[in-house]
Amino acid sequence: MARVMARSYVAGFSDILEPEALAQRDVAFFETRFAESWPHMRIAVEGDAILGLSLVTNGHLDMLFVDPVSVGAGVGAALLRNAEARGCRTLECFRDNVAARAFYERQGWRLADRYEREFAGRVRAFVGYEKPPAP
């Protein structure tokens, strides 16, 4: 699972983060992160293959990553629907993560905030999204 996450992280953020920041989020980093977060995670699998994962804490989507080989197959949408069913109503992503932002907006999420905060040793631009209540 940590290997899938490390691959997904590089694929998703190679245009946003510098190589040294990407290198900090290696397999060992995610193994430690997952050990702490396991109770709040959901994993999408097919056979023995891990396709993606999500992490929700306190109604906030902390992570949603899909293995690059599975992007476009509905894995992310299924994980997001599961997170919403578990009460997820907020998330954040890098402002410049155009693909993720388009995905969340297609899924009915609405831009709620723009801000900067420290991440991986630098101040970076983020956006916050909210899921409107169902009618």
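The values are calculated or read from the model by the stated rules, or taken from the named source; none is laboratory data. What you see is a predicted model, and the numbers here were worked out from it, not measured in a lab. Positions of Cβ are backbone-derived with ideal geometry, glycine not excepted, and every protein chain shown enters the neighbour counts. Keep in mind that these areas ignore ligands, DNA and RNA; they rest on the heavy atoms of the full protein, side chains included. Shrake-Rupley method; radii C 1.70, N 1.55, O 1.52, S 1.80 Å.
The table below lists the values:
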read-out	value
Residues of the range 25-57 classified as closer than 25 Å to residue 90 by Cβ and among the small types (Gly, Ala, Ser), total	5
Considering residues of the range 123-135 that are within 24 Å of residue 40 (Cα to Cα) and modelled with pLDDT of 95 or more only, the residue most open to solvent (accessible area, probe 1.4 Å)	130
Strands (runs of 3 or more DSSP E) fully within the range 37-95 counting 2 or more residues that are closer than 17 Å to residue 129 by Cα	49-57, 60-66, 90-94
The range 112-135, residues that are closer than 26 Å to residue 22 by Cβ, of a type in the set (A, V, I, L, M) and in contact (Cβ under 8 Å) with a residue 12 or more places away in the chain	120, 125, 127
Of the criteria (1) among the hydrophobic types (A, V, I, L, M, F, W, C); (2) modelled with pLDDT of 90 or more; (3) within 21 Å of residue 94 (Cβ to Cβ), which one residue 5 fails	(2)
Unique residue being touching a strand residue (DSSP E or B) at 6+ places or on another chain (Cβ under 6 Å) and open to solvent by less than 30 Å² (accessible area, probe 1.4 Å) when the list is 83, 120	83
Selection within the range 32-47 - open to solvent by 40 Å² or more (accessible area, probe 1.4 Å) and at pLDDT 90 or above	42, 43, 45, 46, 47
Number of positions in the range 103-117 that are open to solvent by 40 Å² or more (accessible area, probe 1.4 Å) and among the small types (Gly, Ala, Ser)	1
Count of residues meeting criterion [open to solvent by less than 30 Å² (accessible area, probe 1.4 Å) and touching a residue at least 60 places away in the same chain (Cβ under 8 Å)] in the range 1-29	6
The range 57-76, residues that are small (Gly, Ala, Ser), without any contact (Cβ under 8 Å) to a residue 12 or more places away in the chain and either touching a helix residue (DSSP H, G or I) at 6+ places or on another chain (Cβ under 9 Å) or closer than 17 Å to residue 30 by Cβ (or both)	none
Matching option when the condition is open to solvent by less than 50 Å² (accessible area, probe 1.4 Å) and under 17 Å from residue 10 (Cα atoms), among 67, 96	67
